[in-house]
1. Any idea which of B:Gly196, B:Gly166 is closer than 26 Å to B:Asn78 by Cβ, surrounded by 15 or more Cβ atoms within 10 Å (Cβ to Cβ) and among the small types (Gly, Ala, Ser)?
2. What pairs come up if the first residue lies in the stretch B:171-191 and is more than 7 Å from chain A (Cβ to nearest Cβ) and in contact (Cβ under 8 Å) with a residue 24 or more places away in the chain, the second is part of a helix (DSSP H, G or I) and buried (at least 16 other Cβ atoms within 10 Å of the Cβ), and their beta carbons are under 7 Å apart, counting only those six or more places apart or on different chains?
3. Identify the residue in the stretch A:45-79 that is of a type outside the set (A, V, I, L, M) and more than 7 Å from every other protein chain (Cβ to nearest Cβ) and, among all such residues, is nearest to B:Gly92 (Cα to Cα).
4. Applying the selection to the stretch B:68-98, what residues are more than 26 Å from B:Trp119 (Cα to Cα) and either within 7 Å of chain A (Cβ to nearest Cβ) or surrounded by 22 or more Cβ atoms within 10 Å (Cβ to Cβ) (or both)?
5. For the condition out of contact with any His (no Cβ under 8 Å at 6 or more places or on another chain), surrounded by 15 or more Cβ atoms within 10 Å (Cβ to Cβ) and closer than 30 Å to A:Gly66 by Cα, what is the one hit in B:Leu174, B:Leu121?
6. Among the numbered criteria (1) touching a Gly at 6+ places or on another chain (Cβ under 8 Å); (2) over 22 Å from B:Leu121 (Cβ atoms), which single criterion is violated by B:Leu43?
7. Pick from the stretch B:30-48 the residues that are without any contact (Cβ under 8 Å) to a residue 60 or more places away in the chain and assigned to a helix (DSSP H, G or I): which of them is surrounded by the most Cβ atoms within 10 Å (Cβ to Cβ)?
8. Output the residue which, of all residues in the stretch A:11-36 that are within 25 Å of the chain's Cα centre (by Cα) and among the small types (Gly, Ala, Ser), is farthest from B:Trp108 (Cα to Cα).
Amino acid sequence: MDQGWYHIGGLNLVTAFAMGVGTFACRAGGYWLFSRFKPSPGLQATLSYIPGCLFVSYVAPAVVDGGPKAWIGATVALATMKLTGSMIWPIFTGTAAAWAVWALST
Amino acid sequence: MQPPPVTFSREGFTRGLKASPALVLGGVPFGIVTGLTAQAHGLSLAEATLMSFFAFAGSAQLLALGVWTTPVNFLPVNLTALTVNLRFLLMGPLLAPWLDTLRGWRRWLSLFFMIDHNWALSLKEMQAGRNDAAYLIGSGIPIWVAWVLLTMAGHVLGSVVAAPPGHPVYFAALSVFIALLIPMWRGRSDLLPWIGAAAVAFGVSRLLPGTTWHIVAGALSGGLFGALRDRFRKPA
């Protein structure tokens, strides 16, 4: 990094703060709003599908475009999660597998 | 049977505190990876720390940092984070039996400290008939403190390692989201929405390369598709 650790860029600060405001709006807003009226079944269903679809939308193009290291890393991470049921191990095994493929191919 | 009245006491706070170490421990690699990703995307240590301090939103921050450019692309970054956080809209109302009884700062501070893990634990407390609403803040504070410190640790680690962009160490962030797919999977009804989301995400990523609109577009279209499909599907 060419900047000091204490550097605070105006726009970065605004973005980080806006993220805080947005996150709190979701945490508090759902409680506030839906204690006044019940969400329609359609809205409830849409919101319940969004988290899974969101992660798929992030992961799928990134893995496909990432080449062999991403394909193998992804497979290993998925298998590790399935086997261990813990969020900790896939981070290590997936990264290690991607790293190994990358090291062998460069 | 009438559940016991809701309290907000030191005992409840302490019960929450005692439940938190396991959650803190589970979050260690997650926090480190988030700090590492922040460093790789050009945030200073101070900026990364402030972000974790304000937002306290694990997966939202990590995903948003993954698409963060220098200078920062304000709208896509915040829209990505917001989409990850939409799930909170449905989580808050389930805590209403506690929150409704709280006044002023207690209610809103409780909501600030609501994350997936202590939300689930709080629901279990309710089911067990333990109605002390201070549990949520008690279990949230240590996780929040740890989250800020771990972000810092990850950032420092990133500066020390100083891996070039594209280095496989940054695959760690993607690994988190790949692994999250397993607990996210709720069964076969998710299959078509997920395929739809992936297809839309692909299309948009080709149409608008180098941007992050494909994430939001895939998420929203998958969500709408799932809801419409459920609506028109014959009840089993």
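The values are calculated or read from the model by the stated rules, or taken from the named source; none is laboratory data. Only a predicted model underlies this, so the values are computations on that prediction, with no experimental measurement involved. Reconstructed Cβ throughout: ideal geometry from the backbone, glycine too, with neighbour counts over all protein chains shown.
1. After applying the criteria, what remains is B:Gly196.
2. Final answer for the pair search is B:Ala173/B:Val33; B:Ala173/B:Thr37; B:Ala173/B:Leu62; B:Ala173/B:Gly66.
3. A:Thr75
4. Residues satisfying the conditions are B:Trp68, B:Pro71, B:Val72, B:Phe74.
5. B:Leu174
6. The failed condition is (1).
7. Of everything passing the filter in the stretch B:30-48, B:Glu47 is surrounded by the most Cβ atoms within 10 Å (Cβ to Cβ).
8. A:Ala16
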